[in-house]
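This report refers to the structure that appears directly beneath it.
The values are calculated or read from the model by the stated rules, or taken from the named source; none is laboratory data. Just so it is clear, the structure is predicted and the values come from calculations on it, not from any experiment. No Cβ is skipped: glycine too gets one built from the backbone with ideal geometry, and neighbour counts run over all protein chains shown.
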Amino acid sequence: MGVALRLAMALGAADFGTGRKGMRAAMIRSMTGFASAKGANGPWSWAWELRSVNGKGLDLRLRVPDWLEGLEAALRAELGKALARGNVTLTLRVSRGEEAGALVLNRSMLDTVLDALARTEAAALERGVQLAPSRAADLLAIRGVLEPGAGEEDVEALTAQIRSEFPGLVAAFVKMREQEGAALAAILRDQLLIVEALTDQAAELAESRKEAMAETLRANLSRVLDNAEGADPDRVAQELALIAVKSDVTEEIDRLRAHVEAARGLLNKGGPVGRKLDFLMQEFNREANTLCSKSQNKELTAVGLELKAVIDQMREQVQNIE
């Protein structure tokens, strides 16, 4: 089994094409995005804001009115279906016009506030502390004590309409992430071309240094044999063979080429491939490091350092991919 195939299987990306025949490949998405929208119906108006930044997994943070029963769970489920990674924040603000009706008293919240107030006053009296008398206006100003006046049917209809508009907001949000993802994919493809060219240059330099390294090895062997009276010839041969193996960069070059093909395959496959690309970047970096450590050649070391610089740039871009 070849290096490229083994790596593809490990990444779950053996299909490097655009997908099965007749099926459109998924697009690369960025983890950063933003979308907003507004809506209104009768006395009600609302405003959406959906944004996301990079994250290791999918972290959904929703800020929606809790008096719209069942809305948060429904919105969370929709986002979970549409997104795979990112720190996502959804904010929904709902308001009702002043002319639309009076506020109503939330008796449950008022009871909670009064109980807390009674406990506070009792504790103060125990310590000989005299508190100023509480005013009704102060209690009514506490958040949640007064709420928009709306009947049960009114709230249910409002919740239904808000839910019906949410897929449009998510679609706009995903489209923005796809647009940014397409730009990231284009940058990565260009960087892969550079890595490929540098790998080919490293292969040429490795080939051209073979004769010089062979001459160096022969000279070293001659010196060792001249000063190895009584040494085990087999042991000497093994040590010299080990030196030769340690300076051979063929495997590193082969793996770099395999990694380039694997990365292109993932970009063509699309979808949430950010984790796999991040893993590949680690593999790229490992091979570049080994190439530098085994080069024993100024020009080859310079190529290895250029490889490391480009790979670092690639990794920065990959951190933004879903």
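Got a sec? Which of Gln238, Gln296, Gln317 is polar (S, T, N, Q), surrounded by 14 or more Cβ atoms within 10 Å (Cβ to Cβ) and modelled with pLDDT under 95? Show your work before the answer.
Details: Gln238 fails: surrounded by 14 or more Cβ atoms within 10 Å (Cβ to Cβ); Gln317 fails: modelled with pLDDT under 95.
The conditions single out Gln296.
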Quick check on my filter: what residues within segment 73-94 are over 19 Å from the mean Cα position of the chain (by Cα) and buried (at least 17 other Cβ atoms within 10 Å of the Cβ)? Leu75, Leu92, Val94
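Please go through segment 125-141 and give me each residue that is closer than 12 Å to Leu105 by Cβ and surrounded by 13 or more Cβ atoms within 10 Å (Cβ to Cβ), ordered by number.
Narrowing segment 125-141 to residues closer than 12 Å to Leu105 by Cβ: 136, 139-140.
Result: Leu139, Leu140.
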Out of segment 33-70, which residues are of a type in the set (Phe, Trp, Tyr) and in a strand (DSSP E or B)? Phe34, Trp44, Trp46, Trp48
State whether one or more residues within segment 61-70 are within 25 Å of Ala186 (Cβ to Cβ) and within 24 Å of the chain's Cα centre (by Cα). no
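What's the total number of residues in segment 135-144 that are in a loop (DSSP other than H, G, I, E, B) and at pLDDT below 80? Spell out how you get there, then give the answer.
Looking only at segment 135-144, we keep the residues that are in a loop (DSSP other than H, G, I, E, B), and these are 135, 141-142, 144.
Then keep just the ones that are at pLDDT below 80; that gives 144.
The number of residues fulfilling the criteria is 1.
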Scanning segment 304-322 residue by residue, those among the hydrophobic types (A, V, I, L, M, F, W, C) and either closer than 27 Å to Val88 by Cβ or within 18 Å of the chain's Cα centre (by Cα) (or both) turn out to be Ile311, Met314, Val318, Ile321
Condition check for Ile187: in a helix (DSSP H, G or I), at pLDDT 95 or above, surrounded by fewer than 16 Cβ atoms within 10 Å (Cβ to Cβ) and assigned by TED's automatic domain parsing to the domain that holds Lys276: yes
Within segment 267-279, of all residues that are part of a helix (DSSP H, G or I) and under 15 Å from the mean Cα position of the chain (by Cα), the one surrounded by the most Cβ atoms within 10 Å (Cβ to Cβ) is Gly274
Is there any pair linking a residue in segment 259-285 that is among the β-branched types (Val, Ile, Thr) to one that is surrounded by fewer than 18 Cβ atoms within 10 Å (Cβ to Cβ), with Cβ under 8 Å and at least six apart or on different chains, and which? Val260/Glu196
Take the residues in segment 71-129 that are in a strand (DSSP E or B) and farther than 30 Å from Ala26 by Cα, then tell me which one is modelled with the lowest pLDDT. Leu103
